[in-house]
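Just so it is clear, none of the values below were taken in a lab; they were calculated from the coordinates. Just so it is clear, the structure is predicted and the values come from calculations on it, not from any experiment. Methodologically, a virtual Cβ is constructed for each residue, glycine included, from the backbone with ideal geometry; neighbour enumeration extends over all protein chains shown.
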Amino acid sequence: MEIIFSTKSYNQKVSKRPRITTNEGPPDKNVTVSAEIIQRPDSTYPIIIRPYKLDISQFSDKVRDKMKFTIVNSSDSEVTLNLVADLPNVATIDIPEKIGARKSAGGEVKLLPSALDKSFEKSFTIEVVTGEATTRFTVPVKRTLKAPGADTTSQKAEPVAH
Amino acid sequence: MRKLIFATLVLVAVTLAVSSGFAAPRMVIPEMEFDFGFVPQNSEISHVFWIYNRGDDTLKIEKVVPG
């Protein structure tokens, strides 16, 4: 079951508890999702992800199937990164295992061939370990495809002879 | 003869009732909470929760109400 959460203009800590009713009978069961919604994703700690939202949209026939991003360690100690939620059936995600203090490293999202003809909005979550502290970061990933039959090439009106 | 048919019908009915009474779905969700951590505003994010049926009848999800 996929829970989709739109962060809108929420601020700070938000929790949602969708309720599931089945033929098992009462009581219903709940799952809980929580998030720390931030206005300034370019100033997070201990890492900053650039860009903080990944848009792998494709508006022409040229296949666009991957996107690189940078993870900046803004702390004074080495961080260890773990991928705690990936993009199943959509993409593979490559992140560095460790980043040194005040260093940066690259990551990449690569779409699976079966996802190339799909539009979606999903996300993956990275857990960052610094000493005994752990912090999670979720990166939204969006893909929009050119609408069928839509012509996105720029066209100029031909001059008309009179 | 009528008594025998009646007794057989009662036995079949009782057997069906008892067997259906024991067969039941049982929903198990190993991970019931997920923390996204820091998330930018105006984003759409998602998480997949796995639902298992550990019972002996079909589990039907009748309704999911957003929290």
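Among the residues of segment A:14-28, just one is within 8 Å of chain B (Cβ to nearest Cβ) and of a type in the set (A, V, I, L, M), namely A:Ile20.
For segment A:112-133, the set of residues classified as of a type in the set (Ser, Thr, Tyr), over 17 Å from A:Asp65 (Cα atoms) and more than 9 Å from every other protein chain (Cβ to nearest Cβ) consists of A:Thr130 only.
Restricting the search to strands (runs of 3 or more DSSP E) fully inside segment A:85-144 and requiring at least 2 residues that are over 14 Å from the mean Cα position of the chain (by Cα) gives A:104-111, A:120-130, A:133-143.
In the set A:Ile37, A:Ile48, A:Ile3, only one residue is within 17 Å of the chain's Cα centre (by Cα), more than 7 Å from chain B (Cβ to nearest Cβ) and surrounded by 14 or more Cβ atoms within 10 Å (Cβ to Cβ); that residue is A:Ile48.
Any idea which of A:Val109, A:Val31, A:Val90 is within 14 Å of another protein chain (Cβ to nearest Cβ) and in contact with an Asp or Glu (Cβ under 9 Å, 6 or more places away or on another chain)? When all the criteria are applied, what remains is A:Val31.
Suppose the filter is more than 11 Å from chain B (Cβ to nearest Cβ) and in contact with a strand residue (DSSP E or B) (Cβ under 7 Å, 6 or more places away or on another chain); does A:Asn11 pass it? Considered against the rule, which asks whether it is more than 11 Å from chain B (Cβ to nearest Cβ) and in contact with a strand residue (DSSP E or B) (Cβ under 7 Å, 6 or more places away or on another chain), A:Asn11 comes out as no.
Within segment A:40-66, the set of residues being touching a residue at least 60 places away in the same chain (Cβ under 8 Å) and not in a loop (DSSP other than H, G, I, E, B) comprises A:Ile47, A:Ile49, A:Leu54, A:Asp55, A:Gln58.
Residues of segment B:36-53 that are within 7 Å of chain A (Cβ to nearest Cβ) and either in contact (Cβ under 8 Å) with a residue 12 or more places away in the chain or closer than 12 Å to A:Val31 by Cβ (or both): B:His47, B:Val48, B:Phe49, B:Ile51.
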